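Below is one structure, written out as structure tokens, with a few remarks after it.
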Amino acid sequence: MLTVRNLSTTVLKPATFRLETGECVAVQGKSGSGKSVLLRALADLDPSTGEVRLNGALREEVPAPLWRRRVTYVAAESGWWEDRVGAHFARPDRAAALAGALGLPGEVMDWPVARLSTGERQRLALVRALVQGPEVLLLDEPTGPLDAEATERVEALLRAELARGAGVLIVTHSPEQAVRLARRHLHVADGVVTEG
Amino acid sequence: MLVTLHYADLAMAALLLLVNGGLSTALALGLARPLLVAALRMVVQLSLVGLVLTRLFALESPWLTLGAALVMLLFAGQETMARQERRLAGWWSYGIGTGAMGAAAGIVLLLGLSTAVRPDPWWDARYAIPMLGMVLGNAMSGVGLALHTLTATAARERAAIEAQLALGCTRWTALRPILRHALRTALMPTINSMAAMGVVALPGMMTGQILSGVDPGEAVKYQILIMFLISGATGLGVLAASLATVRRLSDRRHRLRLDRLVRRRQA
């Protein structure tokens, strides 16, 4: 569904790979190797050259906001711009259900953002992206700050997304997680992306 | 009518500054030097302006008046840049600040000179230059404050702005909170000064007119006019400069472009 040819930025060397419908690909590599850069370039959050297509449609031919609704990047450090948690969600009712599935209390939507822990923020940032029903998810260490139980819940939710037909590109520092979720892997070292 | 000031009178008043400097030295505040430098600058700059204005009024040339206005504008642009911790790289920062102030002050001043004050000729430097000075001075503070707030907040709130962009918001939606914050911050001093005027502060221009023998009622009318011109120019200039900066801080693909900012070199 997502085809990438010679994608490059000032940091990233030309990268070529594919992501199929319902497929999860793990992105691994040392800190600072360019994993986030790759994901950001795919979401068109940083200027990049090369060809990126979603189901045949060229990135440049889709308006950027629409492209990002389809190919959604969830950063490792989540950002919040309103005081109340619920104000960040397009559909708070659906968001509350998804948050529940991730082990968050039902009233979390009424909390102030300042009350959230890092792990809660990370899960809610994922929910925020999921309620919009993206076709491709670009996840930057989605379970980095989470304990084992929460990680399991996140992975279960991601499996449901894959079953729905979403493509997932996940940056992870955990080899176990990479094996659990993905059959294919991308390695990033010094901006060079290799498959294997 | 007007009590003429002699240089000896000025020297007396300057003693106050020496007292301040002495206090600073005694308390080790480190303010004596900047205080002295600023005072010297003030004296030299004002003396020069006095000479220039005397010549300008005597020559009655529209081109020289325009030239003086341009020089003031360029200095104002320089000042707005100097206050920013982070600013747009290249000529953008200077260009946006100066352009917005020039357009706003120009429109407002032409309006004031052609409708309310109507000197003859309309560009008479005796009216145009002091009015431009007041309008530009305030627009300069406002624009400087707006651009400083915008660039600093954009850098600080990067995660929040990019989170919105990543969810498919347009650049205008994602940057609206910081735009609103910058506009409020920049216009607050103007609003405050209008609200406090006459009760707390007796504005310098009005006081000056009254001291030189103008009827207070007439001086008040002038002051009200000037305040309207000032707030009009500040509002227009701040809005234009802020919108242009938001545009430059993002691009057509709705990306946040903090790479277009440079940090001020540490002195």
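Considering only segment B:132-153, I want to know if a residue exists there that is within 14 Å of chain A (Cβ to nearest Cβ), within 29 Å of A:ARG70 (Cβ to Cβ) and in a helix (DSSP H, G or I).
There is no residue in segment B:132-153 that is within 14 Å of chain A (Cβ to nearest Cβ), within 29 Å of A:ARG70 (Cβ to Cβ) and in a helix (DSSP H, G or I).
Checking B:GLU85, B:GLU79 one by one, the residue that is acidic (Asp, Glu), assigned by TED's automatic domain parsing to the domain that holds B:PRO119 and farther than 17 Å from B:GLY133 by Cα is B:GLU85 and no other.
Going through (1) touching a residue at least 60 places away in the same chain (Cβ under 8 Å); (2) on the phi < 0 side of the Ramachandran plot; (3) buried (at least 21 other Cβ atoms within 10 Å of the Cβ) one by one, A:GLY34 falls short only on (2).
In segment A:51-87, of all residues being under 18 Å from the mean Cα position of the chain (by Cα) and among the aliphatic types (A, V, I, L, M), the one that is nearest to the other protein chains (Cβ to nearest Cβ) corresponds to A:ALA64.
Per the conditions (1) among the β-branched types (Val, Ile, Thr); (2) surrounded by fewer than 18 Cβ atoms within 10 Å (Cβ to Cβ); (3) under 17 Å from A:LEU54 (Cα atoms), the sole criterion not satisfied by A:VAL179 is (3). Within the bounds of segment A:141-157, is there any residue that is surrounded by 19 or more Cβ atoms within 10 Å (Cβ to Cβ), modelled with pLDDT of 90 or more and small (Gly, Ala, Ser)? Within segment A:141-157, none of the residues are surrounded by 19 or more Cβ atoms within 10 Å (Cβ to Cβ), modelled with pLDDT of 90 or more and small (Gly, Ala, Ser). A:GLY29 fulfils the conditions (1) within 24 Å of A:SER174 (Cα to Cα); (2) within 14 Å of chain B (Cβ to nearest Cβ); (3) in contact with a Lys or Arg (Cβ under 8 Å, 6 or more places away or on another chain); (4) surrounded by fewer than 22 Cβ atoms within 10 Å (Cβ to Cβ) except for a single criterion, (2).
Annotation note: Cβ proximity below 6 Å between a residue of segment B:1-25 that is assigned by TED's automatic domain parsing to the domain that holds B:VAL43 and a residue that is exposed (fewer than 11 other Cβ atoms within 10 Å of the Cβ) (sequence gap 6+ or interchain) occurs for B:MET1/B:GLY213. Against the definition (assigned by TED's automatic domain parsing to the domain that holds B:SER193, modelled with pLDDT of 95 or more and more than 20 Å from B:GLU157 (Cβ to Cβ)), how does B:LEU239 come out, yes or no? The answer is yes for B:LEU239. Taking segment B:152-179 as the range and being within 24 Å of the chain's Cα centre (by Cα), small (Gly, Ala, Ser) and crowded, with 21+ Cβ neighbours inside 10 Å as the test, only B:ALA154 passes.
To keep it simple, each residue is scored yes or no on (1) within 14 Å of chain A (Cβ to nearest Cβ); (2) within 30 Å of A:LEU42 (Cβ to Cβ); (3) not aromatic (Phe, Trp, Tyr).
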{"residue": "B:MET205", "(1), (2), (3)": "no, no, yes"}
{"residue": "B:LEU225", "(1), (2), (3)": "no, no, yes"}
{"residue": "B:VAL246", "(1), (2), (3)": "no, yes, yes"}
{"residue": "B:SER250", "(1), (2), (3)": "yes, yes, yes"}
{"residue": "B:LEU258", "(1), (2), (3)": "yes, yes, yes"}
{"residue": "B:VAL262", "(1), (2), (3)": "no, yes, yes"}
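Scanning segment B:202-221 for residues that are surrounded by 14 or more Cβ atoms within 10 Å (Cβ to Cβ) and under 20 Å from the mean Cα position of the chain (by Cα) yields a total of 3. Return a yes/no flag: does segment B:105-128 have any residue that is in contact with a strand residue (DSSP E or B) (Cβ under 7 Å, 6 or more places away or on another chain), at negative phi and part of a helix (DSSP H, G or I). No; the residues of segment B:105-128 include none that is in contact with a strand residue (DSSP E or B) (Cβ under 7 Å, 6 or more places away or on another chain), at negative phi and part of a helix (DSSP H, G or I). Of the residues in segment A:131-139, at least one is at pLDDT below 95, in contact with a Phe, Trp or Tyr (Cβ under 9 Å, 6 or more places away or on another chain) and within 12 Å of chain B (Cβ to nearest Cβ).
The values are calculated or read from the model by the stated rules, or taken from the named source; none is laboratory data. What you see is a predicted model; the values in this text were computed from it and never measured. Backbone-built Cβ (ideal geometry, glycine too); neighbour counts: all protein chains shown.
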